[in-house]
Amino acid sequence: MKKVSLISNILLAVAVVVLYVLYFTGKAGNSSLSQADTTGNFSAKAGEVVYVEIDSLISNYHMFSDLKADLEKKGKEKEAQFNVKAKSFEKEAGEFQDKVQKGLVTRSQAEQMQQGLQVKQQEIYQLREQLRNELGEEEQVMNRNVLNSIMEYLVVYNQNKKYSFVVSHSFGGPVLFADKGLNITKDVIVGLNENYTNNKKETK
């Protein structure tokens, strides 16, 4: 029966509709400081090119951790919002299928109900895309805020250090080798977190 087949397809579509909660900061991961970082010892001098291990820097930056937690909370809220709609639709579609199989509705009624379900199904797809786009945009803004905070801090940090360049180093990145004596990651993390903590206290 074509109607039952269509209903089955609708239910199957609902089953595969999933809110993709974005993987926040896959770039940063949960890596901790490397051995070179934990010592905090570096021999860089004014005028030299130094580097930070960007994965360690971001994952150990308290601002990033706080913003990531907020974003994950929003992601769960959006997922819950979507699941309510999806489960409601699935229930309604199941009830419709049951009525059709038992012959409890006329052909005209079944067609009207079927059209209504198709509209609701499309609304669910649109909601999924809307929530996913919203979360993706919020993640981009979060990442830009973290990066901007780091760059602003490095300008102040370098006023006394007088380094020529501060470059980002990560596995698979353009920098294939770097002298560990030029690694300022630990020093920058300490300063970033102190600055972030002080700013949080001032805003309270």
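Here, each number is a calculation from the coordinates, and none is a lab measurement. Not measured: the values here are computed from a predicted model. Backbone-built Cβ (ideal geometry, glycine too); neighbour counts: all protein chains shown.
Structural remarks
- Cross-link reach list, aspartates and glutamates versus LYS73, counting only Cα pairs under 16 Å and skipping chain neighbours closer than eight places: GLU134, GLU137, GLU138, GLU139
- Sites THR197 and VAL141, calculated FRET efficiency, Cβ-Cβ separation with R0 25 Å, nearest 0.05: 0.65
- Figure legend: label point modelled 7 angstrom from the Cα of SER88 along Cα→Cβ; residues of the stretch 115-131 with amide N under 13 Å from it are 120-121, 123-124, 127.
- Two-site FRET efficiency, VAL105 against TYR125, from Cβ-Cβ distance with R₀ of 30 Å, rounded to 0.05: 0.70
- Prolate/oblate/rounded call for the stretch 66-118, Cα gyration tensor, a/c under 1.5 rounded: prolate
- Summed side-chain charge close to ALA80 - residues other than ALA80 whose Cβ falls under 12 Å, Lys, Arg +1, Asp, Glu -1: +4
- Cα-based shape type of the stretch 130-179, given that a ≥ b ≥ c are square roots of the gyration tensor eigenvalues and the cut on a/c is 1.5: oblate
- Among the listed pairs LYS162/LYS186; LYS45/LYS180; LYS45/LYS186; LYS91/LYS120; LYS68/LYS120; LYS78/LYS120, those whose Cα-Cα separation exceeds 21 Å are LYS68/LYS120.
- J(HN,Hα) series, the stretch 76-92, from Karplus relation 6.51 cos²θ - 1.76 cosθ + 1.60, nearest Hz, glycine and proline x: 5, 5, 5, 5, 5, 4, 5, 4, 4, 5, 5, 5, 5, 5, 4, 5, 5
- Stretch gain in nm, segment VAL155-ALA80, where the contour uses 0.36 nm per residue and the Cα spacing is subtracted: 22.8 nm
- Annotation for the stretch 73-95 versus the stretch 142-204: alpha-carbon center distance of 42 Å.
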